[in-house]
Amino acid sequence: MNFDWLKHVMPRGLYGRAALILFLPVVVITLVVTVMFLQRHFEDVTRQMTLGMSGEIALIADRVEAAPDIEVARADVESLLAPLGMQFELPATQAAVEERSFYDFSGRVVISVLHQQLPQVEAVDLGQRREVRVTLQGPYGPYALIFPRQRVSASNPHQLLVLMAGTSLLMTAIATIFLRNQLRPIRRLGRVAEEYGKGRILPYRPAGAVEIRSAGTAFLEMRARIERQNEQRKQMLSSISHDLRTPLTRLRLGLSMLSPDYPPEREEVTALESDVTAMSTMVEAFLDHARDNAQEAPPELLPALDFLRGVVADAQRGGQKVTLTEMAGDPQGKATFRPDSLRRAVENLIGNAVRYGSRAEVSGALGPGYFRISVEDDGPGIPAERREEAMKPFTRLDPARNQNQGQGVGLGLAIAVDIARAHGGQLRLGEGQHLGGLLAEIVIPR
């Protein structure tokens, strides 16, 4: 069956759909309970009470029919009226009229039962709300019996309906207030996300249910990560433009000093080539970093420690002085990460370690909720006050890290920071306890 038409009928907003989910069952249950109660309780109770009352009416009808004349009939009936709580008219003072209100559900049962049990009944008048007037046909003409309505049906049945309706309205009001309070954090999160898409950052604090807080926290982390990446891109562009300015100036100056009449000396050509090589290295490093970020593969669930062993083995085959030491945790344990990008981060840390020191040691730890990779070297390390600066792109701390042992453009740690953050983790720099140099740790969630 095709239910596409429901899409046009159902509310489109979250508030309307939540209200429908919340209130529709309440309305349905209220209606079902009301109908079932009216049918099962009021009708059954009314039927039983009316059956009992029909026996008393039959007793009076038998006395009237057995009396030799109308006076004796009146006298015999009068002796029964007081204990039975009825009024008697012989002959009837009003014409036989059968009447009831449209909303008088129990009255329908009263009229039906009296007609079934008493063939003498001509009409049952329920027009008066508090009394019943039954007109019967006798040997001396029509006569009437009048008795309280509560004798044949439960009193004040509308009170239950009013109570149910009032309770439903009260619970609906409470549910509406609760629903608005629950949806307010979702609306606020949606508004903050929409404004961020327009380039405006609004203050936001996670609130509401646990699931909404979790979504809000994830949004804040995503926004912070995007902002950090944007800031890093700005710093990277600013740094590369600054770093390119110096070799460009030297290159321009060297070209201006070349004489058109004499061929350039070898030393001048070598200096110009060195400047071009430095600029090419910086540009290629920047392009590689941007290209790797744009081509990131989806995360995979892989054996974590086996992955780390493979990275260290590849570095050793490449001639780097690196050893694998402690491997803590389940040897077959797995973690979720992007193998290509995480490999590049670890290789950058190993490359920095062997460049600024004589050797490096790599260790790994797989905990209940984390995967940690540690790289330690025996180099001069980085002062604590400059570690934050060292993780910025194109930063080279000449006094702290001897660059005579290799050439770099200052992107190694910045790339590792980016990759760790992309995995929801972080890169931490500290002082090595074993080799005494720099300790770099990548910690990501499993």
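Considering ARG40, ARG12, the condition of being modelled with pLDDT under 75 and under 24 Å from GLN182 (Cβ atoms) is satisfied by ARG12 alone.
Would you mind stating whether ALA215 is among the small types (Gly, Ala, Ser) and open to solvent by less than 40 Å² (accessible area, probe 1.4 Å)? So ALA215 fails the test. Any residue at all in segment 157-180 that is free of Cβ contacts under 8 Å to residues at least 24 places away in the same chain and over 30 Å from LEU22 (Cβ atoms)? Checking segment 157-180: not a single residue is free of Cβ contacts under 8 Å to residues at least 24 places away in the same chain and over 30 Å from LEU22 (Cβ atoms). If you check VAL113, VAL134 for being within 20 Å of VAL45 (Cα to Cα) and in contact with a Ser or Thr (Cβ under 6 Å, 6 or more places away or on another chain), only one passes: VAL113. Only helices (runs of 4 or more DSSP H) whose full extent lies in segment 300-397 are considered here, and the ones with at least 3 residues that are open to solvent by less than 30 Å² (accessible area, probe 1.4 Å) are 304-317, 339-356.
The values are calculated or read from the model by the stated rules, or taken from the named source; none is laboratory data. None of the values given here were measured: they were computed from a predicted structure. Cβ sites come from the backbone with ideal geometry, for glycine too, and all protein chains shown count toward neighbours. These area figures cover heavy atoms from the full protein model, side chains too; ligands, DNA and RNA do not enter into them. Shrake-Rupley method; radii C 1.70, N 1.55, O 1.52, S 1.80 Å.
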